[in-house]
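*Asks:* One structure follows; several queries about it will come next.
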Amino acid sequence: MVATDDLFVVPGYGPLADRMRPQTLEDYVGQQHILGDNKVLTQSIQTGNLHSMVFWGPPGTGKTTLARIIANTAKAEFISISAVLSGVKDIRSAIDTAVEYQSLGKRTILFVDEVHRFNKSQQDAFLPHVENGTIYFIGATTENPSFELNNALLSRVKVYVLKSISEHDIVLLLKRALRDEHGLAKLNVVVSDELLSMLARIADGDARRALNFLEIASDLAEPEPGDKQAITEQIIQDVTSQSLRRFDKKGDAFYDQISALHKAVRGSNPDAALYWFARMVDGGCDPLYIARRVVRMASEDIGNADPRGLQLALDAWSVYERLGSPEGELAIAQAIAYLASTAKSNAIYTAMAMAMRDAKQSGSLDVPMHIRNAPTRLMKELGHGKGYRYAHDEEDAFAKGETYFPDELGEREYYHPVERGLEAKIKQKLDELRKLNKSGHAK
């Protein structure tokens with residue numbers, strides 16, 4: 001599916017978002033962090049000095065539009081393919097067309113939408129043509145290029161990160177659409193600034209979504225005196241009632257938000273933790289997934305500083321399984337707030353990591369004979385369990401100087417409790433036992 005046009009949608013036809021697509025950099029809204037004065041991309045567009053690049057950002061942030069503006073400004077041919085609909089055959093066809101343009105002295109921009117959908121061999125097909133200058137490659141992706149693009153292709157492009165469009169900028173776009181002759185000007189649609197702000201907020205940083213909402217709302221607008229059409233609050237609510245926040249359970253938004261929730265809990269900020277929990281639920285995340293992660297937080301960041309946190313997290317998980325939404329979500333919120341507010345310790349997490357490292361590096365060391373299992377007479381005759389000191393028979397139920405690690409490894413210390421919460425008492429007790437151990441001698 002190859003498109004080789006350098007023109008925009010014919011005015012008056014197609015969706016509003018396409019009709020309002022800006023054709024110059026001056027009309028482009030947002031992304032000032034990469035398109036401001038003296039920015040590399042701005043200078044590249046203005047001077048026509050092209051380079052291959054990838055635009056990474058959420059839907060509706062202007063990736064395709066920016067690619068078209070670059071082609072128009074540089075007077076380059078524009079070939080567009082979609083990784084969702086195209087294969088190697090389409091790539092070859094696009095390259096053949098670019099070769100023809102090159103023979104005529106024309107430069108070609110090959111735009112690949114959803115480039116992360118191409119597999120390794122498909123991505124490799126672009127490499128020689130980027131190298132020899134047949135095409136300037138521009139890819140668009142909503143996924144992290146570090147994970148989705150081959151290193152070979154990634155090394156040949158510059159990645160630009162596009163951000164969600166601000167509510168202020170979306171309102172500007174909506175107002176432009178209302179008064180533009182290629183937009184909705186002929187319909188004489190009237191809508192208050194307050195409702196435009198509401199629409200922009202619901203669009204959640206996605207300009208295309210906002211324009212689509214506005215177009216549908218304009219179709220439902222109510223007639224008013226003077227040949228005008230009014231968009232009411234009820235119409236906005238009806239049009240956007242099924243809208244969900246951007247949330248992809250397999251994408252960066254998902255992992256960024258669960259990371260934010262975890263770090264807010266670790267940072268003892270229950271308010272921020274509850275906010276990110278609400279964001280994820282509002283975006284359609286399965287609360288059971290969050291419940292499982294909360295259990296992890298209880299062990300990783302609270303641990304023995306407050307063992308009640310783990311039980312509360314497990315209880316919240318159980319409550320959601322029994323009651324579902326919304327009652328179960330409240331139980332998860334309770335657990336999140338408690339974990340964020342209580343004493344913190346990652347001592348168990350750190351100790352486990354150290355133990356795992358030794359276990360992997362030390363190989364299959366034998367269990368010392370004195371702590372081996374000896375359920376049969378033969379095993380006892382072979383020395384299993386010989387010399388073992390039963391702790392409960394010792395003073396204070398502690399066998400001072402007894403060893404429990406493999407002989408080759410020696411005695412190690414992994415667990416270092418912090419002086420917070422219950423773990424402060426555990427630390428005090430463990431320090432005493434370790435001191436006794438060092439002063440004692442195994443019999």
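*Asks:* Filter the range 148-188 down to the residues that are over 30 Å from Ala125 (Cβ atoms) and of a type in the set (A, V, I, L, M) and list them by number.
*Replies:* The answer is Ile165, Ile170, Val171, Leu172, Leu173, Leu174, Ala177, Leu178, Leu184, Ala185, Leu187.
*Asks:* Restricted to the range 359-377, and to residues that are aliphatic (A, V, I, L, M) and outside any loop (DSSP other than H, G, I, E, B), which residue is nearest to Gly401 (Cα to Cα)? I'd like the intermediate steps shown before the answer.
*Replies:* Our first condition is that a residue be aliphatic (A, V, I, L, M); within the range 359-377, this holds for 359, 365, 367, 369, 371, 374.
Now narrow it down to the ones that are outside any loop (DSSP other than H, G, I, E, B): 359, 369, 371.
On the way: Ala359: 23, Met369: 16, Ile371: 14 Å.
In this case the residue turns out to be Ile371.
*Asks:* If I filter the range 89-108 for residues that are under 30 Å from Gly30 (Cα atoms) and crowded, with 21+ Cβ neighbours inside 10 Å, do I get at least one hit?
*Replies:* Yes, the range 89-108 has at least one match.
Matching residues to (1) in contact with a His (Cβ under 8 Å, 6 or more places away or on another chain); (2) under 17 Å from Val157 (Cα atoms):
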{"site": "Gly57", "(1), (2)": "no, yes"}
{"site": "Leu66", "(1), (2)": "no, yes"}
{"site": "Lys75", "(1), (2)": "no, no"}
{"site": "Ser80", "(1), (2)": "no, no"}
{"site": "His116", "(1), (2)": "no, yes"}
{"site": "Glu131", "(1), (2)": "no, yes"}
{"site": "Ile135", "(1), (2)": "yes, yes"}
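*Asks:* Against the conditions (1) outside any loop (DSSP other than H, G, I, E, B); (2) surrounded by 15 or more Cβ atoms within 10 Å (Cβ to Cβ); (3) aliphatic (A, V, I, L, M), where does Ala343 fall short? Just the number, please.
*Replies:* (1)
*Asks:* Could you check the range 54-78 and list, in sequence order, the residues that are hydrophobic (A, V, I, L, M, F, W, C) and surrounded by fewer than 21 Cβ atoms within 10 Å (Cβ to Cβ)?
*Replies:* Within the range 54-78, Ala74, Ala76, Phe78 meet the criteria.
*Asks:* Next question. In the range 135-170, how many are surrounded by 19 or more Cβ atoms within 10 Å (Cβ to Cβ), of a type in the set (Val, Ile, Thr) and touching a helix residue (DSSP H, G or I) at 6+ places or on another chain (Cβ under 7 Å)?
*Replies:* Matching residues across the range 135-170 total 5.
*Asks:* Something else now. Would you pick out the residues in the range 178-196 that are small (Gly, Ala, Ser) and out of contact with any helix residue (DSSP H, G or I) (no Cβ under 6 Å at 6 or more places or on another chain)? Please lay out each step first, then the result.
*Replies:* Applying the first criterion (small (Gly, Ala, Ser)) to the range 178-196 yields 183, 185, 192.
Answer for the range 178-196, where residues must be small (Gly, Ala, Ser) and out of contact with any helix residue (DSSP H, G or I) (no Cβ under 6 Å at 6 or more places or on another chain): just Ser192.
*Asks:* For the structure I just gave you, tell me whether Ile34 is at pLDDT 85 or above and farther than 30 Å from Phe254 by Cα. If you could, list the steps in order and put the result at the bottom.
*Replies:* Numbers: at pLDDT 85 or above: yes; farther than 30 Å from Phe254 by Cα: no.
Taking the combined requirement at face value, the residue does not satisfy it.
*Asks:* Further, regarding this structure: Within the range 408-434, track down each residue that is free of Cβ contacts under 8 Å to residues at least 40 places away in the same chain, in a loop (DSSP other than H, G, I, E, B) and either among the acidic types (Asp, Glu) or touching a strand residue (DSSP E or B) at 6+ places or on another chain (Cβ under 6 Å) (or both).
*Replies:* Glu411, Glu413, Glu419
*Asks:* Let me spell it out: the conditions are (1) under 30 Å from Tyr136 (Cα atoms); (2) in a helix (DSSP H, G or I), and Arg201 meets all of them except one. Which number is the exception?
*Replies:* So Arg201 meets the others, but not (1).
*Asks:* Separate question: Against the condition modelled with pLDDT of 90 or more, assigned by TED's automatic domain parsing to the domain that holds Thr61, assigned to a loop (DSSP other than H, G, I, E, B) and not charged (D, E, K, R), how does Gly105 come out, does it pass? Give the steps one after another, and end with the answer.
*Replies:* Working: modelled with pLDDT of 90 or more: yes; assigned by TED's automatic domain parsing to the domain that holds Thr61: yes; assigned to a loop (DSSP other than H, G, I, E, B): yes; not charged (D, E, K, R): yes.
Considered against the rule, which asks whether it is modelled with pLDDT of 90 or more, assigned by TED's automatic domain parsing to the domain that holds Thr61, assigned to a loop (DSSP other than H, G, I, E, B) and not charged (D, E, K, R), Gly105 comes out as yes.
*Asks:* Restrict the check to the range 329-340 and report whether at least one residue is outside any helix (DSSP H, G or I) and out of contact with any strand residue (DSSP E or B) (no Cβ under 6 Å at 6 or more places or on another chain).
*Replies:* Here is the first cut: in the range 329-340, the residues outside any helix (DSSP H, G or I) are none.
Checked the range 329-340: no residue is outside any helix (DSSP H, G or I) and out of contact with any strand residue (DSSP E or B) (no Cβ under 6 Å at 6 or more places or on another chain).
*Asks:* Count, please, the residues in the range 413-432 that happen to be exposed (fewer than 13 other Cβ atoms within 10 Å of the Cβ) and closer than 26 Å to Val367 by Cβ.
*Replies:* Counting residues in the range 413-432 that are exposed (fewer than 13 other Cβ atoms within 10 Å of the Cβ) and closer than 26 Å to Val367 by Cβ gives 1.
*Asks:* Additional query: Among the residues of the range 366-389, count how many are hydroxyl-bearing (Ser, Thr, Tyr) and either at pLDDT 90 or above or surrounded by 11 or more Cβ atoms within 10 Å (Cβ to Cβ) (or both). So that I can check it myself, show each step before the final result.
*Replies:* Taking the range 366-389 first, the residues hydroxyl-bearing (Ser, Thr, Tyr) are 376, 388.
Pick out the ones that are also either at pLDDT 90 or above or surrounded by 11 or more Cβ atoms within 10 Å (Cβ to Cβ) (or both) and you get 388.
Of the residues in that region, 1 qualify.
The values are calculated or read from the model by the stated rules, or taken from the named source; none is laboratory data. Because the structure is predicted, anything quoted here is derived from the model rather than measured. Note that each Cβ is placed from the backbone with ideal geometry, even for glycine, and that neighbours are counted across all protein chains shown.
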